[in-house]
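**Q** This structure is in structure tokens; I'll ask about it shortly.
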């Protein structure tokens with residue numbers, strides 16, 4: 001009986017070890033925790049929230065004035081008959097200049113990016129491209145940059161302001177985009193005049 005029990009225990013142990021070995025290991029993470037992206041090939045969700053505002057103003061004023069004068073009374077003695085003479089010269093220069101520029105931009109989007117490289121320090125390089133086509137018009141968003149593993153939330157989200165060396169490009173192609181650009185005749189007239 002004891003020998004039969006030992007064989008049964010051995011069979012169960014062998015079965016459990018085979019079962020455990022057949023379960024895919026998730027990068028050393030717990031089987032009970034959510035998977036967090038951290039290696040090459042993993043995908044993260046990027047929330048693009050970009051606001052930019054720039055303004056510059058300059059003004060300058062200069063004022064320069066010069067005045068010279070020369071006058072003389074009548075002569076004395078034998079030269080008393082010479083008339084009085086005088087000269088007056090004034091010169092002025094005034095300049096006032098003012099310049100101002102301002103620019104605002106805003107971009108909000110949500111897209112996915114893939115981790116394509118890991119640096120020796122642990123930073124992760126991401127690349128993503130999103131193309132949305134509606135009735136022949138394409139909206140293309142391209143994103144690249146570096147993120148830190150600690151900036152990835154538990155649901156694999158990274159905000160764009162946490163991306164180092166971020167390059168975010170948003171372009172449109174199609175009929176709607178072409179309609180916003182001036183035609184070649186308008187460009188020629190603007191170039192001439």
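What follows is calculated from the coordinates using simple rules that are stated; it is not laboratory data. Predicted, not measured: the structure shown is a model, and the values here were computed from it. FYI the Cβ positions are ideal-geometry reconstructions off the backbone, even for glycines, and counts take in every protein chain you see.
**Q** Taking neighbour Cβ counts within 10 Å as the exposure measure, how do 147, 140 sort from fewest upward?
**A** Values: 147 23, 140 14.
So the ranking, lowest neighbour count to highest, is 140, 147.
**Q** Here's something else I'd like to know. Provide the FRET efficiency to the nearest 0.05 for the residue 58-residue 154 pair, computing r from the beta carbons and using R0 = 41 Å. Let's see the in-between values first.
**A** Values: r = 48 Å, r/R0 = 1.18.
Efficiency for this residue pair is about 0.25.
**Q** Here's another thing I want to ask about it. Rounded, prolate or oblate: which fits the range 92-178 when a ≥ b ≥ c are the square roots of the eigenvalues of the alpha-carbon gyration tensor, with rounded for a/c under 1.5 and prolate only if a/b beats b/c?
**A** Working: a/c = 3.26, a/b = 1.47, b/c = 2.22.
Oblate, since a/c reaches 1.5 and b/c is not below a/b.
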